[in-house]
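A.B. asks: Let me give you the structure first, and then I'll get to my questions.
The values are calculated or read from the model by the stated rules, or taken from the named source; none is laboratory data. Everything numeric here is computed off the predicted structure, so don't read it as measured data. Counting neighbours? That spans all protein chains shown, and the Cβs are built from the backbone with ideal geometry, glycine included.
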Amino acid sequence: MLLFDYFNILIGVVILIIGVMIGVAFLTLLERKVLGYIQIRKGPNKVGYYGLLQPFSDAIKLFSKEQMYLMYSNYLLYYFSPIMSFFMSLMIWLLIPYYFNMISFNLGVLFFLCCTSLGVYMIMVSGWSSNSNYALLGALRSVAQTISYEVSLSLILMSCIILIMDFNLVKFSLYQSMIWFIFMMIPLSLCCLSSMMAETNRTPFDFAEGESELVSGFNVEYSSGGFALIFLAEYSSILFMSLMFTLIYLGGYDLKLVFYLKLVFISFFFIWVRGTLPRYRYDKLMYLCWKIYLPISLNFLMFFIGVSVYLM
């Protein structure tokens, strides 16, 4: 029986990975279509019906291109860092509170913070191992930004944990049956959303890929499969951040259509912001994190600790 259970978990993990891959593929299509309509053009509309097969043609093109091997790169690290980055972004998906045959985490939020922290190393190693000044500069900027926003993001998550006194993501749906947490802490939820954008290197915080000054940042020396894996890891983490925001602030996890609509809306919001806002200046980004988000999140944390102690 135990072997059968393990087999079930394995099949569930494979289905999960396939689902995430398809979700990421169509998220890229959604992004290109939405950006197209924002910029008053059509977006991809030739491959398949209304461009529906575009992600698959992109994948075939990227993975069938010639792999470039750099003469002076640290080859093993250069080759394996995109693979590890992709692996880490898929590993976070295991902590979704499933109702069937999957792994249930009692310390889900801690696992999420550990995996996002490890993602920083992949960016740093891929930038350094390329042995290019531009890639290294992009990696350093990206690492500084990600570490800075991790601090405020973890403090914001701490405030939510203090409210429910549990690290398990299933409990968020139980506590939000009457009122969503977004209505209880609107400023904190907005700080959380923009910290998630900075964490995933999205516009207006996409300094890792500052094309105007860095020529695409840490992934500049990657082509074909390596570039595709970095791209997949980024979009997988965007999808997961949307899911985390929906779990924590928008009513928790349930298997109804409304849950998936909320998830799609937050993903759409990431794209909407990209099409609307210009890129921030780098010093202002750091100022925003350390002088605005950090004090706000600390004050909210003290407030919620005080409220929980008072209610006890």
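A.B. asks: May I ask you to say which residue of Ile40, Ile60 is modelled with pLDDT of 85 or more and assigned to a helix (DSSP H, G or I)?
C.D. replies: That would be Ile60, the only listed residue that is modelled with pLDDT of 85 or more and assigned to a helix (DSSP H, G or I).
A.B. asks: Continuing with this model, one more query. Residues that are acidic (Asp, Glu), within 25 Å of Phe111 (Cβ to Cβ) and touching a Leu at 6+ places or on another chain (Cβ under 9 Å): does region 234-252 have at least one?
C.D. replies: Checking region 234-252: not a single residue is acidic (Asp, Glu), within 25 Å of Phe111 (Cβ to Cβ) and touching a Leu at 6+ places or on another chain (Cβ under 9 Å).
A.B. asks: Any residue that is without any contact (Cβ under 8 Å) to a residue 24 or more places away in the chain, more than 30 Å from Ile9 (Cα to Cα) and under 17 Å from the mean Cα position of the chain (by Cα) - is there at least one of those in region 138-158?
C.D. replies: Scanning region 138-158, I find at least one residue that is without any contact (Cβ under 8 Å) to a residue 24 or more places away in the chain, more than 30 Å from Ile9 (Cα to Cα) and under 17 Å from the mean Cα position of the chain (by Cα), so the answer is yes.
A.B. asks: Just to be sure before I move on: is Val24 within 24 Å of Ser267 (Cα to Cα) and either of a type in the set (Lys, Arg) or assigned to a helix (DSSP H, G or I) (or both) in the structure I sent?
C.D. replies: Here the answer is yes, as Val24 does meet what is asked.
A.B. asks: Within region 139-171, count every residue that is over 15 Å from Tyr293 (Cβ atoms), modelled with pLDDT of 85 or more and touching a Leu at 6+ places or on another chain (Cβ under 6 Å).
C.D. replies: Final tally of qualifying residues: 1.
A.B. asks: Ser73 versus (1) within 24 Å of Ala135 (Cβ to Cβ); (2) part of a helix (DSSP H, G or I): which is the lone unmet condition?
C.D. replies: (2)
A.B. asks: Picking from Met71, Met102, which residue would you name as being modelled with pLDDT under 80 and over 21 Å from Ile123 (Cα atoms)?
C.D. replies: Only one candidate qualifies: Met102.
A.B. asks: Could you give every pair whose Cβ atoms fall below 8 Å, whose first residue belongs to region 159-170 and is under 14 Å from Ser297 (Cα atoms), and whose second residue is surrounded by fewer than 17 Cβ atoms within 10 Å (Cβ to Cβ) and β-branched (Val, Ile, Thr), counting only separations of at least 6 or pairs across chains?
C.D. replies: Final answer for the pair search is Ile162/Ile305.
A.B. asks: Please go through region 267-287 and pick out each residue that is part of a helix (DSSP H, G or I) and free of Cβ contacts under 8 Å to residues at least 60 places away in the same chain.
C.D. replies: Answer for region 267-287, where residues must be part of a helix (DSSP H, G or I) and free of Cβ contacts under 8 Å to residues at least 60 places away in the same chain: Asp283, Lys284, Tyr287.
A.B. asks: Please tell me if Lys262 is within 19 Å of Leu188 (Cβ to Cβ) and of a type in the set (Lys, Arg).
C.D. replies: Criteria met by Lys262.
A.B. asks: Is there a residue in region 56-68 that is surrounded by 18 or more Cβ atoms within 10 Å (Cβ to Cβ), in contact with a Leu (Cβ under 8 Å, 6 or more places away or on another chain) and not hydrophobic (A, V, I, L, M, F, W, C)?
C.D. replies: no
A.B. asks: Looking for something among the charged types (D, E, K, R) and surrounded by 21 or more Cβ atoms within 10 Å (Cβ to Cβ) - is there at least one such residue anywhere in region 134-143?
C.D. replies: Yes, there is a match, as at least one residue in region 134-143 is among the charged types (D, E, K, R) and surrounded by 21 or more Cβ atoms within 10 Å (Cβ to Cβ).
A.B. asks: Is it the case, given these coordinates, that Asn201 is in a loop (DSSP other than H, G, I, E, B), farther than 19 Å from Ile238 by Cα and modelled with pLDDT under 85?
C.D. replies: For Asn201, the condition - in a loop (DSSP other than H, G, I, E, B), farther than 19 Å from Ile238 by Cα and modelled with pLDDT under 85 - is not met.
A.B. asks: Would you call Tyr78 surrounded by 17 or more Cβ atoms within 10 Å (Cβ to Cβ), under 18 Å from Met197 (Cβ atoms) and not basic (Lys, Arg)?
C.D. replies: So Tyr78 does not fit the description; no.
A.B. asks: Further question: With respect to Phe240, determine if the residue is in a helix (DSSP H, G or I), farther than 16 Å from Leu153 by Cβ and either in contact with a Phe, Trp or Tyr (Cβ under 7 Å, 6 or more places away or on another chain) or at pLDDT 90 or above (or both).
C.D. replies: no
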